[in-house]
Amino acid sequence: MSLQKPLMRGLLAKRLRFHVPIAFALSMLAAVGWKYGVTEPRKQAYADFYKHYDATKEFTSMREAGVFESVRPTGE
Amino acid sequence: MLATRALRLLGKRAISTSVCLRGGHGVAKIEAYTLPAYFDRRENPLPDICYVQDLSAEQVSLKEKEQGSWAALSNEEKVALYRISFKQSFAEMGEATAEWKTVIGGVLFVVGITGLIVLWQRKYVYGPVPHTFDPEWKAKELQRMLDMRMNPVEGLAAKWDSENKQWKK
């Protein structure tokens, strides 16, 4: 029989040395992916929306549709 | 009061041989669940009692031999002594079982029964939905949402082409 003596110490350290770098790498990947996949396109979408945004025109069309309570459509 | 004897040899069920007196009325029955139990757990490596409680004649003689020098025991005898004291080794304890199949099957079965109950409920218990679920009402709701420019940057109204009065391609 005579089995080899099993590892008695340093089990957590061994596990951490393996898993922590992987966890760090995956977290960084997730963060970078989120930034360039979600936040940057979103910022661009907002910038594009407001580049040619005519507030008065939007207001007038909303008013004519009758969604406001403070102003009624022109003609009433 | 319990008259216990000292535990011998890795703990036999000595307490079962003691007697519990109840104020002169008689002897209380010792329930099995009150006695120390055997279980295989990683976090509790040495259970309270041996696995095999009733030793055969062969095992009794082996236990006698254990009293002497352990170098005299052969490997098979050492394994036999181990198996008297323990049911599963640590390696066997950690083995994968097929229990997950039963669990998944049971879960799916119960979910199916729940689905049948829900369907029956929809048919026989619930009344009609409110009038606000009618298609005409829903269309009016959608028109109002587009009129007030809900989520105009990335959401609903962003997908509506207000000049041509249609969804953007």
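The values are calculated or read from the model by the stated rules, or taken from the named source; none is laboratory data. Just so you know, these numbers come straight off a predicted model, no measurement behind them. Ideal geometry is used to build each Cβ from the backbone, glycine not excepted, and the neighbour counts take in all protein chains shown.
Filter segment B:131-152 down to the residues that are modelled with pLDDT of 95 or more and not in a helix (DSSP H, G or I) and list them by number. If the condition is that a residue be modelled with pLDDT of 95 or more and not in a helix (DSSP H, G or I), then B:D134 is the only one that fits.
To keep it simple, each residue is scored yes or no on (1) within 14 Å of chain B (Cβ to nearest Cβ); (2) in a helix (DSSP H, G or I); (3) in contact with a strand residue (DSSP E or B) (Cβ under 9 Å, 6 or more places away or on another chain); (4) in contact (Cβ under 8 Å) with a residue 60 or more places away in the chain.
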{"position": "A:L26", "(1), (2), (3), (4)": "no, yes, no, no"}
{"position": "A:F49", "(1), (2), (3), (4)": "yes, yes, no, no"}
{"position": "A:V67", "(1), (2), (3), (4)": "yes, no, no, no"}
{"position": "A:T74", "(1), (2), (3), (4)": "no, no, no, no"}
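Within segment B:91-103, is even one residue over 30 Å from B:V60 (Cβ atoms), assigned to a helix (DSSP H, G or I) and within 14 Å of chain A (Cβ to nearest Cβ)? The answer is no, given that none of the residues of segment B:91-103 is over 30 Å from B:V60 (Cβ atoms), assigned to a helix (DSSP H, G or I) and within 14 Å of chain A (Cβ to nearest Cβ). Can you tell me which residues in segment B:139-162 are more than 10 Å from chain A (Cβ to nearest Cβ), of a type in the set (D, E, K, R) and within 16 Å of A:K57 (Cβ to Cβ)? B:D161, the sole residue that qualifies.
Scanning segment B:119-130 for residues that are exposed (fewer than 10 other Cβ atoms within 10 Å of the Cβ) and either in contact (Cβ under 8 Å) with a residue 24 or more places away in the chain or not in a loop (DSSP other than H, G, I, E, B) (or both) yields B:R122, B:K123, B:Y124. Filtered by the rule that a residue be touching a helix residue (DSSP H, G or I) at 6+ places or on another chain (Cβ under 7 Å) and on the phi < 0 side of the Ramachandran plot, segment B:130-159 gives B:H131, B:W137, B:L146, B:D147, B:M148, B:M150, B:P152, B:V153, B:E154, B:L156, B:A157.
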